[in-house]
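The values are calculated or read from the model by the stated rules, or taken from the named source; none is laboratory data. On a predicted model such as this, the values are computed, not experimentally measured, just so you know. So basically every Cβ, Gly included, is an ideal-geometry build from the backbone, and we count neighbours across all protein chains shown.
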Amino acid sequence: MPKALPIRVLICDDHRILSDAMAMLIGMESDLELVAEPFERAAPAIAAVAEFAPDVVLMDVELPGGTSGIEATRTITEQSPRTKVVVMSGSGDPDQVLVDAIGAGAAGFMPKTEAATKILGAVRAAASGESLLDSATLARVLRRVADARAVRQAVDRRTTRLTEREREILQRMSEGESNDDIAGSLFLSIHTVHTHVRNILVKLEVHSKLQAVALAVKAGVIIVKR
């Protein structure tokens, strides 16, 4: 069996001590590979994503140069849909950052206060298409998304494309279940679940599972359990 290719990572963070430390740790992991030296500003990072097509980007929220990490995330997910962005922040309201990150297409959010091993785990989870949030955080943030604003007609148009099975899988995703969990509880193969998740993202015109769940909550397609 051929050896699995490493997960290719790009870092964009203006805190050099943190970004250099993360770069060093990534260099020590056999299944991870840094595609370029860390970037401090959004514009060159966006250009590097176009050039190197990394699997995962670790993106700081607050960046110098006029373009925020949230804006950069939106650009990256639109221009390179296969690239997963993990947004990181060390200040402000983490739930609001997460709401904004989901809206921009991020695969998840990690506080900078987390241990390095958890951030590396987040890279691996994002690369595999899994949500990075525990069920309690996910439920809290989704309630905030649900109350944020009225559902637009465009959202309704997208959600009407979903089959009953896809809606059921979306509901389970909103409760924090992984693809493996869903496969086991619905007696489906993991390949079938992956196919359903891929179809859900295509139909909803989104780039991550978190974004799909948030959009479905806004549309009232799934129920956020209190």
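It is to be established whether one or more residues within the range 166-189 are under 28 Å from VAL35 (Cβ atoms), under 13 Å from the mean Cα position of the chain (by Cα), of a type in the set (Gly, Ala, Ser) and surrounded by 13 or more Cβ atoms within 10 Å (Cβ to Cβ). Within the range 166-189, none of the residues are under 28 Å from VAL35 (Cβ atoms), under 13 Å from the mean Cα position of the chain (by Cα), of a type in the set (Gly, Ala, Ser) and surrounded by 13 or more Cβ atoms within 10 Å (Cβ to Cβ). Among residues of the range 18-41 that are over 15 Å from ALA127 (Cα atoms), those with a beta-carbon under 9 Å from a residue that is polar (S, T, N, Q) and exposed (fewer than 15 other Cβ atoms within 10 Å of the Cβ) at least six positions away or on a different chain give the pairs LEU25/THR117. When the test is whether a residue is within 18 Å of LYS225 (Cα to Cα) and of a type in the set (A, V, I, L, M), LEU170 passes it.
How many residues does the range 64-108 hold that are part of a helix (DSSP H, G or I), more than 20 Å from LEU120 (Cα to Cα) and small (Gly, Ala, Ser)? The number of residues fulfilling the criteria is 3. So, ALA107, is that one modelled with pLDDT under 95 and touching a Lys or Arg at 6+ places or on another chain (Cβ under 7 Å) or not? For ALA107, the condition - modelled with pLDDT under 95 and touching a Lys or Arg at 6+ places or on another chain (Cβ under 7 Å) - is met. For ALA122, the stated conditions hold: it is in a helix (DSSP H, G or I), crowded, with 17+ Cβ neighbours inside 10 Å, of a type outside the set (Ser, Thr, Tyr) and assigned by TED's automatic domain parsing to the domain that holds VAL56. Each residue in the range 110-135 was checked for being touching a Lys or Arg at 6+ places or on another chain (Cβ under 8 Å) and closer than 20 Å to LEU201 by Cα, and 5 pass.
Can we say ALA154 is assigned to a loop (DSSP other than H, G, I, E, B) and either at pLDDT below 85 or under 14 Å from the mean Cα position of the chain (by Cα) (or both)? No.
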